[in-house]
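What follows is a single structure, written as structure tokens, with notes after it.
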Amino acid sequence: MQEYAMLRAFVVVARTGSVSRAAEQLHLTQPAVSLKLKQLQHRLGLTLFHRRPQGLALTPDGHALLAAAEQALASAQAFEQ
């Protein structure tokens with residue numbers, strides 16, 4: 001499901017602070033991860049990350065969404081099992 005792919009990309013980028021590290025963990029290209037983040041932000045109408053020299057940092061909206069995204073992914077994984 002596309003929605004879960006966007007959430008998964010969001011959570012991994014939030015945890016790693018880096019699109020490139022997230023791409024490695026997700027076995028995707030950097031542009032693919034960036035596109036998923038862009039799609040999620042567009043769908044929600046929110047900015048989820050700030051770009052910084054050290055990588056990406058969550059915005060307040062990103063922090064608010066992170067726990068719900070992690071819970072949704074855990075629920076989806078439990079359902080699949």
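Has segment 18-40 got at least one residue that is open to solvent by less than 30 Å² (accessible area, probe 1.4 Å), out of contact with any helix residue (DSSP H, G or I) (no Cβ under 6 Å at 6 or more places or on another chain) and at pLDDT below 95? Scanning segment 18-40, I find no residue that is open to solvent by less than 30 Å² (accessible area, probe 1.4 Å), out of contact with any helix residue (DSSP H, G or I) (no Cβ under 6 Å at 6 or more places or on another chain) and at pLDDT below 95, so the answer is no. Please work out if Arg51 is open to solvent by 80 Å² or more (accessible area, probe 1.4 Å) and in contact (Cβ under 8 Å) with a residue 24 or more places away in the chain. So Arg51 does not fit the description; no.
Output the residues belonging to segment 1-26 that are aromatic (Phe, Trp, Tyr) and touching a residue at least 60 places away in the same chain (Cβ under 8 Å). The answer is Tyr4, and nothing else.
Among the residues of segment 62-78, those identified as open to solvent by 70 Å² or more (accessible area, probe 1.4 Å) and farther than 13 Å from Tyr4 by Cα are His63, Ala64.
The values are calculated or read from the model by the stated rules, or taken from the named source; none is laboratory data. What you see is a predicted model, and the numbers here were worked out from it, not measured in a lab. Methodologically, a virtual Cβ is constructed for each residue, glycine included, from the backbone with ideal geometry; neighbour enumeration extends over all protein chains shown. Heads up: the accessible areas ignore ligands, DNA and RNA and are worked out on the full protein's heavy atoms, side chains in. Shrake-Rupley method; radii C 1.70, N 1.55, O 1.52, S 1.80 Å.
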